1. Given the options F35, F80, name the one that is among the aromatic types (F, W, Y) and either under 23 Å from S214 (Cβ atoms) or buried (at least 24 other Cβ atoms within 10 Å of the Cβ) (or both).
2. Just to confirm my filter: which helices (runs of 4 or more DSSP H) fall fully inside the range 24-93 and include at least 3 residues that are more than 16 Å from the ligand (Cβ to nearest atom)?
3. If you check R293 against the conditions, is it among the charged types (D, E, K, R) and in contact with a strand residue (DSSP E or B) (Cβ under 8 Å, 6 or more places away or on another chain)?
4. Scan F153, F133 and give me the residue that is hydrophobic (A, V, I, L, M, F, W, C), in contact with an Asp or Glu (Cβ under 8 Å, 6 or more places away or on another chain) and either at pLDDT 95 or above or crowded, with 23+ Cβ neighbours inside 10 Å (or both).
5. Given the range 300-357, what helices (runs of 4 or more DSSP H) lie entirely inside it while holding 1 or more residues that are within 16 Å of the ligand (Cβ to nearest atom)?
6. Take Y4 and tell me if it is within 16 Å of the ligand (Cβ to nearest atom) and surrounded by 19 or more Cβ atoms within 10 Å (Cβ to Cβ).
7. Among what's in the range 254-281 and is of a type in the set (D, E) and under 30 Å from V20 (Cα atoms), pick the residue that is farthest from the chain's Cα centre (by Cα).
Amino acid sequence: MIPYGRQHISEADIEAVVDVLRSDFLTQGPAVPAFERAMCELTGATYGVAVNSATSALHIACMALGLGPGDRLWTVPITFLASANCARYCGADVDFVDIDPATRNIGIEALTKKLELAERQNSLPKILVPVHFTGRPCDMAQIRELSKRYGFFVIEDASHAVGSIYQGSPIGSGRYSDITVFSFHPVKIVTSAEGGMAMTNDAELAHRMELLRSHGMERDPSRFQDPAEGSWVYEMQSIGFNYRLTDLHATLGMSQLRRLEDFIARREALVARYDALLKSLPVTCPAPLADMRSAWHLYVVELETNHPRAAVFEAMRKAGVGVAVHYIPVHLQPYYRDLGFRAGDYPRSEHYYARALTLPLYPDLSDAQQETVVRALGEALA
Ligand SMILES: *Cc1c(COP(=O)(O)O)cnc(C)c1O
């Protein structure tokens with residue numbers, strides 16, 4: 001079976017991780033800050049807080065921004081569950097903004113209208129989580145304008161977008177947001193097995209997230225509430241978790257990051273080939289990128305309505321092609337339906353979902369395998 005996504009592990013990755021096993025620190029050693037610095041260099045952000053997943057990063061980002069009961073977080077339906085769940089961990093309410101069918105990212109018109117209405121109804125969000133779906137940057141300049149006008153924070157869910165660039169600024173630079181979150185899950189652009197990172201340019205937010213990642217333990221005496229009896233003293237002033245990344249994981253992530261440019265270049269080459277190979281088939285390919293670079297986490301086509309997606313999906317699986325569907329709209333999950341969401345609430349997201357099919361895309365996908373994918377799709381659509 002050709003999978004839809006897969007990690008690329010080199011001998012250098014393996015050696016780097018084995019070296020950590022022979023070193024003094026399996027966790028809380030030098031590898032985590034080194035990985036954080038490398039991500040700061042890549043993105044231009046001042047601070048990176050490495051954690052054990054992007055889900056953890058989203059959680060501590062929301063907490064650091066003070067999200068709590070009675071607050072609202074808005075995101076899109078076409079994303080992974082975690083972009084919305086992070087609000088629920090904080091006891092806050094979730095609401096969704098429909099997508100733009102052309103980019104499949106948050107719809108700026110839909111967002112603008114929803115904000116105008118929310119202002120009148122006194123129900124503005126505290127945090128907006130735009131998702132750079134498949135690696136394609138959202139329209140961050142417009143989102144920043146709106147965030148200033150209406151006074152909400154922005155957390156970019158850049159789980160798909162390590163290495164993406166928006167109008168000359170790397171995703172993660174913080175030029176248009178408060179915090180940016182990356183994922184290092186094996187299907188994403190670079191992997192640390194499990195892992196994530198929250199980037200910010202705000203020293204206080206970075207400090208809060210560092211505390212949240214490790215039990216809320218404050219070790220800086222200048223920040224203590226009480227005089228310290230000795231240098232062993234730490235203070236817990238607020239609740240935290242154990243969301244730490246290990247040195248094994250950070251080292252793998254760091255080693256992978258050295259090949260980021262190769263990974264994206266291969267993904268781009270495969271995308272150009274898909275665009276050409278799929279021309280004669282009745283599918284809608286991703287729209288061209290304007291003034292931006294996508295890391296190309298996913299390649300999603302939309303089928304025409306006379307081709308039922310389920311039948312095409314099963315036929316391709318039978319042909320050994322591991323197609324996938326990204327994503328089931330979050331508001332249609334039973335948990336969110338129990339909170340009051342219904343089919344029909346976000347028609348553009350639901351229309352997209354009904355026709356979406358993710359084709360295999362990863363650096364080790366060979367040209368021949370890609371041709372097998374296209375042939376299987378052609379047969380499934382015949
Ligand atoms: C993968 C993903 C996450 C969660 O990442 P983990 O590192 O697995 O926790 C969050 N948001 C989006 C959009 C993702 O694709």
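1. None of the other options fit; the residue is F35.
2. Ranges flagged: 31-43.
3. Considered against the rule, which asks whether it is among the charged types (D, E, K, R) and in contact with a strand residue (DSSP E or B) (Cβ under 8 Å, 6 or more places away or on another chain), R293 comes out as yes.
4. On inspection, the qualifying residue turns out to be F153.
5. On the way: elements: 309-318, 334-338, 347-355.
Qualifying helices (runs of 4 or more DSSP H): 334-338, 347-355.
6. Values: within 16 Å of the ligand (Cβ to nearest atom): yes; surrounded by 19 or more Cβ atoms within 10 Å (Cβ to Cβ): yes.
Yes.
7. Selected residue: D262.
The values are calculated or read from the model by the stated rules, or taken from the named source; none is laboratory data. Computed from a prediction, not measured in an experiment: that's the story for all the values here. Positions of Cβ are backbone-derived with ideal geometry, glycine not excepted, and every protein chain shown enters the neighbour counts.
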